[in-house]
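*Asks:* This is the structure I want to talk about, given as structure tokens.
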């Protein structure tokens, strides 16, 4: 109809204001649709550029938020979170333990997956979001993956998760000074997406804005956009409020059959399995510095879970992959029965969840 009107006006040599407005509206709609096309807007990064830690500090400053990943060989990588908001997915294929890093701006959630088994060579397209969490499609298996589910939907094949945290560049440098840092040049779509679509109120913890409808009623046990550590082991889930972890610096806990510990230094928080060969350890803060000491042998452990002195020198605690500093309202929507650390009573000598 608009095309016919354009044709008639062209013949007549006159243009109505209504027709001009209609043409402009359609043009803007087409441009918007082009810009919003998922394959163009959220194309995964398959050839990442890494720079040194010193270069990253100079370029972005020490307060820049990063997604920190330690691969299955214990090698650290950092990804500038702000630049990961648009592609959502970055491949890291170098070395013996390749993985992909995924980052969802709506949930403030990150998780990394080992490129192995049925996920060894994934061909990924970002498709949508479900209840404020990213969904991507793996073409070869023809399966979708909801980030927070950590599995190929339909086949229910679990994906091998890799320990992933959210912290500042300053803190990551302190713990992993030789870590490479992923970055990418800012593109024109970044201006469109990060400035217009990924509005500050979506990711602002003080804002009540929720983009997609929830699956359940809003859980008001914690502030809606407070950061939490969401942990699932042995089929059980527990929520650890980030402010509680930051205050305590150390938590010894038991979730299902797994004894775990949460180490915190500055804004870095990591969950570890307290079991090593031949022992289950219970930790205390060292009298000085940022280290931890186990009660059983008085060995000293760094915040990254490596024993630096004592009987277990050189031993590395196994990090437990979890959702680190995810928004509470998203975690509670996917795990509506998740217990909150601080609500249960103590069990024996280990603080099971006492506040």
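*Asks:* Pick from segment 327-341 the residues that are in contact with a strand residue (DSSP E or B) (Cβ under 9 Å, 6 or more places away or on another chain) and part of a loop (DSSP other than H, G, I, E, B): which of them is modelled with the lowest pLDDT?
*Replies:* Taking the candidates together, the pick is 337.
*Asks:* If you check residue 224 against the conditions, is it surrounded by fewer than 20 Cβ atoms within 10 Å (Cβ to Cβ) and touching a helix residue (DSSP H, G or I) at 6+ places or on another chain (Cβ under 7 Å)?
*Replies:* In short, yes.
*Asks:* For segment 240-256, check the following and say yes or no: at least one residue is surrounded by 15 or more Cβ atoms within 10 Å (Cβ to Cβ), without any contact (Cβ under 8 Å) to a residue 40 or more places away in the chain and in a strand (DSSP E or B).
*Replies:* The answer is yes, given that some residue of segment 240-256 is surrounded by 15 or more Cβ atoms within 10 Å (Cβ to Cβ), without any contact (Cβ under 8 Å) to a residue 40 or more places away in the chain and in a strand (DSSP E or B).
*Asks:* Given the criterion buried (at least 20 other Cβ atoms within 10 Å of the Cβ) and over 22 Å from residue 111 (Cβ atoms), identify the matching residue among 263, 283, 272, 327.
*Replies:* Every option except 283 fails the conditions.
*Asks:* Here's another thing I want to ask about it. Which one of these is at pLDDT below 90 and not assigned by TED's automatic domain parsing to the domain that holds residue 84: 128, 200?
*Replies:* The conditions single out 200.
*Asks:* Which of the numbered conditions does residue 183 fail, given that it passes all the others? Conditions: (1) touching a strand residue (DSSP E or B) at 6+ places or on another chain (Cβ under 6 Å); (2) within 20 Å of residue 321 (Cα to Cα).
*Replies:* Every condition holds for residue 183 apart from (2).
Each row is one residue, and each column tells you yes or no for (1) at pLDDT 95 or above; (2) assigned to a loop (DSSP other than H, G, I, E, B); (3) within 26 Å of the chain's Cα centre (by Cα); (4) farther than 27 Å from residue 227 by Cα.
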position: 263; (1), (2), (3), (4): yes, no, yes, no
position: 269; (1), (2), (3), (4): yes, no, yes, no
position: 288; (1), (2), (3), (4): no, yes, no, yes
position: 297; (1), (2), (3), (4): yes, yes, no, yes
position: 311; (1), (2), (3), (4): yes, yes, no, yes
position: 325; (1), (2), (3), (4): yes, no, yes, no
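Here's the yes/no breakdown for (1) in contact with a helix residue (DSSP H, G or I) (Cβ under 7 Å, 6 or more places away or on another chain); (2) not in a strand (DSSP E or B):
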residue: 91; (1), (2): no, no
residue: 94; (1), (2): no, yes
residue: 97; (1), (2): no, yes
residue: 103; (1), (2): yes, no
residue: 107; (1), (2): yes, yes
residue: 110; (1), (2): no, no
residue: 118; (1), (2): no, yes
residue: 125; (1), (2): yes, no
residue: 128; (1), (2): no, no
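The values are calculated or read from the model by the stated rules, or taken from the named source; none is laboratory data. Since this is a predicted model, take the numbers as computed values, not measurements. Virtual Cβ from ideal backbone geometry, glycine too; neighbours counted across all protein chains shown.
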